[in-house]
1. Are there any pairs with C-beta distances below 6 angstrom linking a residue in segment 118-142 that is under 22 Å from residue 56 (Cβ atoms) to a residue that is among the basic types (Lys, Arg), with the two at least 6 apart or on different chains, and if so which?
2. With respect to residue 72, is the statement that it is surrounded by fewer than 17 Cβ atoms within 10 Å (Cβ to Cβ), closer than 21 Å to residue 181 by Cβ and under 20 Å from the mean Cα position of the chain (by Cα) true?
3. Among the residues of segment 160-182, are any at pLDDT 85 or above and closer than 22 Å to residue 59 by Cβ?
4. I'd like to verify a number: residues in segment 120-135 that are hydrophobic (A, V, I, L, M, F, W, C), closer than 19 Å to residue 72 by Cα and either surrounded by fewer than 19 Cβ atoms within 10 Å (Cβ to Cβ) or touching a Cys at 6+ places or on another chain (Cβ under 9 Å) (or both), how many?
5. Considering segment 221-244 alone, what residues qualify as being among the β-branched types (Val, Ile, Thr) and either surrounded by 14 or more Cβ atoms within 10 Å (Cβ to Cβ) or under 20 Å from residue 186 (Cβ atoms) (or both)?
6. Could you give every pair whose Cβ atoms fall below 8 Å, whose first residue belongs to segment 211-240 and is among the polar types (S, T, N, Q), and whose second residue is part of a loop (DSSP other than H, G, I, E, B), counting only separations of at least 6 or pairs across chains?
7. Just one of the numbered conditions (1) farther than 23 Å from residue 60 by Cβ; (2) assigned to a helix (DSSP H, G or I) is not true of residue 85; which one?
8. Starting from residues that are without any contact (Cβ under 8 Å) to a residue 40 or more places away in the chain and either aromatic (Phe, Trp, Tyr) or outside any helix (DSSP H, G or I) (or both), keep the ones in segment 1-27 and report whichever is farthest from residue 235 (Cα to Cα).
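The values are calculated or read from the model by the stated rules, or taken from the named source; none is laboratory data. This one's a predicted model, so the numbers in the text were calculated from it and none came from an experiment. FYI the Cβ positions are ideal-geometry reconstructions off the backbone, even for glycines, and counts take in every protein chain you see.
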Amino acid sequence: ILSSSALIALFPVWTMLVNSLKKQMDIFRNPFAFPAPLNFDGYLYVFRESNFLLYCWNTILITGISIVCVLFIGSLAAYALANWKGLPSKLIYLLFLAGIMIPIRLGTINIFQIIRSLNMMGSVYGLIPVYIAWGLPMAVFILTTFIQDLPGELMESASIDGASKFRSYWSIVLPLVRPALGTVAIFNLINIWNDIWFPLIFNLKEDQRTLLLGVTYFFGTYQTDWTKVLVILTLATLPILALYVIMSKQFIKGLTAGAVKG
């Protein structure tokens, strides 16, 4: 069953990769056949004549800064909520849960107005606060559960030894919740890397566009060069797959450990 599921999940990626190595007519003739001969014209065009590397750098920059901020702010908030007992902490926690259930795109108009008032329209940096707000609810939800499951004796021992709250957070809590941090990072990586909604709404300038927004400009009004489109989509997919393979153990451990209590 697992092998069948893996094959079903990887089949679209394989089809995309295979067709990116074909000429356009070969794609239409038989999209599932192996390319013979291999055609690398699309890859040469993307690297030499398009702004692919610039778009890729913009996406990496946004994704990296956003994930680091989500992990840091989310872990601090989770640490505070896990150790703060009382009604106010429960109400704040419920607000974060509401942030998971309510899609952020419902607030597009208000977000647009806020970003415009900050004079960040058209800039790649206007996306970062949006993605941080998008990722924080899930981060707080996952990390709070993990921190609550940590033995209280660890915090008490650190406090007796004279460690401050931040010292305990930095030296004890963060190393112990690494699986949860990996899970949060992967969730946010996928959401941010694959997002096209907010880059499109914010009307990014030519040199500020993200990777998937750049792909849309390869779609013509009357004709589309599918080889080039599939090349960029393949190159955009590979980093996600590589990072998932590298961090899969942390991801799986984070999902399973957070589901077990006691």
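1. These pairs meet every condition: 122/205.
2. Judged against the criteria, residue 72 is a match.
3. Yes, some residue in segment 160-182 is at pLDDT 85 or above and closer than 22 Å to residue 59 by Cβ.
4. Here the count works out to 3.
5. 227, 229, 231, 232, 234, 237, 240
6. 216/196; 224/218; 227/20; 227/22; 227/23; 227/39; 234/20
7. With (1) farther than 23 Å from residue 60 by Cβ; (2) assigned to a helix (DSSP H, G or I) applied to residue 85, the lone miss is (2).
8. If we take residues in segment 1-27 being without any contact (Cβ under 8 Å) to a residue 40 or more places away in the chain and either aromatic (Phe, Trp, Tyr) or outside any helix (DSSP H, G or I) (or both), then 1 is farthest from residue 235 (Cα to Cα).
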